[in-house]
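Notes to accompany the following structure.
What follows is calculated from the coordinates using simple rules that are stated; it is not laboratory data. Remember, it's a predicted structure, so these values are computed and weren't measured experimentally. Cβ placement follows ideal geometry from the backbone for every residue including glycine, while neighbour counts extend to all protein chains displayed.
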Ligand SMILES: [Zn+2]
């Protein structure tokens with residue numbers, strides 16, 4: 001009986017020693033430290049609007065919204081990843097994982113975010129107007145009852161304003177103008193219309209300064225998350 005107890009205690013020490021050794025190995029390995037850090041960071045879903053069968057709106061030169069949103073969403077996501085955030089993409093190419101059905105398409109995007117247990121869902125779109133050059137600028141659809149997401153939307157707009165490329169059209173309340181991926185999402189969400197594809201100035205700015213737009217969107221998201229964390233600590 002006593003022998004078994006001593007054996008158990010020794011085994012216990014051995015396990016604790018091995019666990020400690022394992023932790024040391026993890027901490028002295030650069031890759032593992034990065035994984036460890038990422039586990040404490042927020043998960044952000046970046047949704048490139050449209051894709052596959054759904055081209056979105058079309059510019060005068062034939063450029064399709066789905067290609068612009070993929071460009072901006074991909075670079076925005078990369079910037080967030082570089083900063084250490086966990087980024088989940090609803091799509092990373094024109095090959096979409098959902099069927100050719102608008103409702104299933106949008107619900108699949110929400111499912112991806114919910115399966116990832118994400119903290120934020122950011123949908124990137126490009127606006128269009130029936131009248132060429134009749135409307136321009138950026139606007140964001142968000143639930144006005146969700147203070148944190150309203151603040152994030154304002155933070156993104158503040159960064160876009162610094163670029164001085166188009167007018168700030170403000171925020172739109174999804175309680176009044178419901179949008180599927182915001183209104184039916186259990187993950188805090190917003191949908192940003194970056195510019196008008198039908199406006200010459202907006203469109204040219206995107207073609208020549210797409211990276212600046214992605215940087216501004218990423219900065220706006222990160223500033224808002226950091227401000228939120230500081231307010232939680234106080
Ligand atoms: Zn769109």
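In terms of its C-alpha gyration tensor, region 42-233 has a rounded overall shape, because the principal axis ratio a/c (a ≥ b ≥ c, square roots of the eigenvalues) stays below 1.5. Take the Cβ atoms of residue 71 and residue 102, set R0 to 25 Å, and the FRET efficiency comes out at 0.65. Is region 170-223 best put as rounded, prolate or oblate by its Cα gyration tensor, with a ≥ b ≥ c the root eigenvalues, rounded for a/c under 1.5, and otherwise prolate when a/b is larger than b/c, oblate when not? Taking the square roots of the gyration eigenvalues as a ≥ b ≥ c, region 170-223 is oblate. Among 193-201, 179-187, sorting by the average number of other beta carbon atoms lying within 10 angstrom of each residue, highest first, gives 193-201, 179-187.
According to the square roots a ≥ b ≥ c of the eigenvalues of the Cα gyration tensor, what is the shape class of region 60-135, taking rounded for a/c under 1.5, prolate for a/b larger than b/c otherwise, and oblate for the remainder? Oblate is the answer for region 60-135, as a/c is 1.5 or above yet b/c matches or exceeds a/b.
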